[in-house]
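Below: one structure, written as structure tokens.
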Amino acid sequence: MMITSRITISLVAACFFGAASFAPAKEKAPAKEKAAGGGTSEYAKGIQLLDSKQYEQAAQEFTRAILENGKQPAFYEGRGFANFELQRYPEAGDDFSKAIELSPKDMRAYVGRSQVFLQQKNYQQALADTEKALEIKPDEVAAIKLRGFAELGLSQWDKAVADFTAAIQKKPDDLQTYDRRALAYRGLKNFDGAIADYTFLLAKNPNDTEALTKRGYTYSLMGQYEKAIPDYQAALKLNPQDNDTFSRLQWTQGQLAAKNAPPPAATTTTTTAPTATPEKPSLFTQIKPLYIVIGIVVLIVIAVIVRLLTRGKAEETSHIIR
């Protein structure tokens, strides 16, 4: 079962987070409203750089805006998203916290900081930030999805399924949400639900090697090795260098062979009960009572005859003169 544990660990790690940030750039970026005071032009330039994924340059422009005017939460929020994309998570967290301090109703800053907490595996704090964001804007799909991520981290599978389902209803073209919901279904051991989500993803993209591997693994959890093997083989055809999938395929083939192996022939050993060696009877037990009676009678007859023969016969006397 060692291979199963390794499969489980690697798949969970791969499933939790795909890219550093799932939200599109427009969703991440602060609103492009004009800020009062200095830093407005630097902030606008930072937004353009952020949208074009030039994150280092964007962070520099937001820093210039902050130096011009350190009272604008949008400036910190913008730099927070740039730092997040650069995987500078502590700095991003500080920027989002500063934005929240300056504007406690800044929903985007809570969404941004929740992503930092998720990357740091601080799922409880991520959950708290998404809850706060949804208090401010209950229909915010990014916050709903991020809350599902936090619930996955806390193994709250049923809540995660509910949030991912709600996110799918609001944004049905977000394929990543189907993948995450499938993981939550697996946590609930609702393997049919997970298979349905992976099958949907493969209908959209038949060459999705991750979906093939994950569906194959789900089939193996169900003991349906004959269905898991074609998924692993298809994934390897697309990526022959995937050693992990090759190991899973070998393990699954071994499980299927063991499952289909004929039961070992029953070897019935007939054990004959040992025959007891008859005990040799003693001499006394061999003398029957009838023989004893006959023997006694014979002895009595002999005694009588002897008595009759000796009766009246003169007793011999000694010639010695006394």
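Miscellaneous remarks
- Estimated at the nearest 10 Å², the accessible area of Glu226 is 90 Å² with a 1.4 Å probe.
- Residues of region 159-191 with amide N under 14 Å of the 7 Å Cα→Cβ point at Asn207: none
- Nonpolar atom fraction for region 139-182, defined as the carbon and sulfur part of the 1.4 Å probe accessible area, stands at 49 percent.
- The HN-Hα couplings worked out from phi for region 107-121 by the Karplus form 6.51 cos²θ - 1.76 cosθ + 1.60 (θ = phi - 60°) are 4, 5, 5, 5, 4, x, 5, 4, 5, 4, 4, 5, 5, 8, 6 Hz, whole numbers, x standing for Gly and Pro.
- A Förster radius of 35 Å, combined with the Cβ-Cβ distance separating Leu67 from Lys121, puts the computed FRET efficiency at roughly 0.60.
- Across region 236-251, rounded Karplus estimates of 3J(HN,Hα) from the backbone phi angles (6.51 cos²θ - 1.76 cosθ + 1.60, θ = phi - 60°) give 5, 5, 7, 9, x, 8, 7, 5, 4, 5, 4, 5, 5, 4, 4, 4 Hz, Gly and Pro being marked x.
- FRET efficiency for Ser155 and Gln87, using Cβ-Cβ distance with R0 set to 22 Å, rounded to 0.05: 0.30
- When only alpha carbons are used to place a centre, region 42-108 and region 171-227 end up 36 Å from one another.
- Per-residue SASA entry for Val111, accessible area with 1.4 Å probe, Å² rounded to 10: 20 Å²
- Accessible area per residue (1.4 Å probe, heavy atoms of protein chains only) ranks Ser41, Ser103, Ser114 as Ser41, Ser103, Ser114, with the largest value leading.
- With the simple model of a label 7 Å out from the Cα in the direction of the Cβ, Phe200 to Gln48 spans 4.0 nm.
- Where region 89-133 is the region considered: accessible area per residue in Å², 1.4 Å probe: 43 Å²
- Taking amide H as placed 1.01 Å from N in the peptide plane, Gly223 has no amide H partner under 5 Å among residues 5 or more places away or on another chain.
- Rounded Å value of the spacing that divides the Cα centres of region 230-246 and region 111-159: 34 Å
- Taking Asp173, Asp163 and ordering them by how much accessible surface each has at a 1.4 Å probe, largest first, produces Asp173, Asp163.
- Cβ-derived FRET efficiency at R0 25 Å, Ser103 paired with Glu56, nearest 0.05: 0.45
- Rg followed by Dmax, in Å, when region 158-270 is reduced to its Cα trace: 17.5, 72
- Mean Cβ count within 10 Å, highest first, over the residues of peptides 144-152, 119-127: 144-152, 119-127
- Computed over protein heavy atoms with a 1.4 angstrom probe, the accessible surface ordering of Lys71, Lys237, Lys214, largest first, is Lys237, Lys71, Lys214.
- With eigenvalues of the C-alpha gyration tensor scaled by 5 and rooted, region 109-225, Å: 27, 15, 12
- Phi-based couplings in Hz for region 170-180 (Karplus 6.51, -1.76, 1.60; Gly and Pro marked x): 7, 9, x, 8, 7, 5, 4, 5, 5, 4, 5
- Using heavy atoms of the protein chains and a probe of 1.4 Å, the accessible area assigned to Glu91 is about 90 Å².
The values are calculated or read from the model by the stated rules, or taken from the named source; none is laboratory data. Only a predicted model underlies this, so the values are computations on that prediction, with no experimental measurement involved. Cβ sites come from the backbone with ideal geometry, for glycine too, and all protein chains shown count toward neighbours. Each accessible area value is taken on the protein alone, full model and side chains, heavy atoms only, with ligands, DNA and RNA left out. Shrake-Rupley method; radii C 1.70, N 1.55, O 1.52, S 1.80 Å.
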